[in-house]
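The values are calculated or read from the model by the stated rules, or taken from the named source; none is laboratory data. Computed from a predicted model, the values in this text were never measured in an experiment. No Cβ is skipped: glycine too gets one built from the backbone with ideal geometry, and neighbour counts run over all protein chains shown.
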């Protein structure tokens, strides 16, 4: 799967991934890029497209998102409730990149921390567990000061 740089133009990213830069692919890729690290679910992409000049069916949105994911341009993530979100794939996967999600407030905080990555690897190793890849999920009880938005 080719790595594409999310800072490149959407047209160039599609071409580098071996996809023709159709209007629907460009529109969806631009919308998801604009959502940033938090990403967007397919329903949100559909709603945002309805507000614009072009209108696509929900099936077209899902098919296109799955094509973009299969080509390596998007990454799938899940919120604490299991809802699927898509965000732009990084130029290369960074194992030191972390996301904190608050289910109450619906916010996502993105940061990088090499020391945290190494600490988690050491804890796993010390407890006889294999190194992790993919998602690592930590759960916490919400504090009274954290109110839903």
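When the residues of the range 34-64 are narrowed to those that are surrounded by fewer than 18 Cβ atoms within 10 Å (Cβ to Cβ) and in contact with a strand residue (DSSP E or B) (Cβ under 6 Å, 6 or more places away or on another chain), which ends up nearest to residue 86 (Cα to Cα)? Filtering first and then ranking leaves 41. For residue 108, indicate whether it is closer than 30 Å to residue 145 by Cα, at pLDDT below 90, touching a helix residue (DSSP H, G or I) at 6+ places or on another chain (Cβ under 7 Å) and assigned by TED's automatic domain parsing to the domain that holds residue 145. Yes, satisfied.
Yes or no, residue by residue, for (1) part of a helix (DSSP H, G or I); (2) under 13 Å from residue 88 (Cβ atoms):
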site: 20; (1), (2): no, no
site: 33; (1), (2): yes, yes
site: 37; (1), (2): yes, yes
site: 44; (1), (2): yes, no
site: 47; (1), (2): yes, no
site: 67; (1), (2): yes, no
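If you check residue 82 against the conditions, is it assigned to a loop (DSSP other than H, G, I, E, B) and under 29 Å from residue 112 (Cβ atoms)? When the stated conditions are applied, residue 82 passes them. Checking the stated criteria, residue 13 turns out to be under 25 Å from residue 112 (Cα atoms) and out of contact with any strand residue (DSSP E or B) (no Cβ under 7 Å at 6 or more places or on another chain).
Residue-wise test of (1) touching a helix residue (DSSP H, G or I) at 6+ places or on another chain (Cβ under 6 Å); (2) within 16 Å of residue 26 (Cα to Cα); (3) modelled with pLDDT of 85 or more; (4) in a loop (DSSP other than H, G, I, E, B).
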residue: 50; (1), (2), (3), (4): no, yes, yes, no
residue: 64; (1), (2), (3), (4): yes, yes, yes, no
residue: 77; (1), (2), (3), (4): no, no, yes, no
residue: 104; (1), (2), (3), (4): no, no, no, yes
residue: 116; (1), (2), (3), (4): no, no, no, no
residue: 129; (1), (2), (3), (4): no, no, no, yes
residue: 134; (1), (2), (3), (4): no, no, no, yes
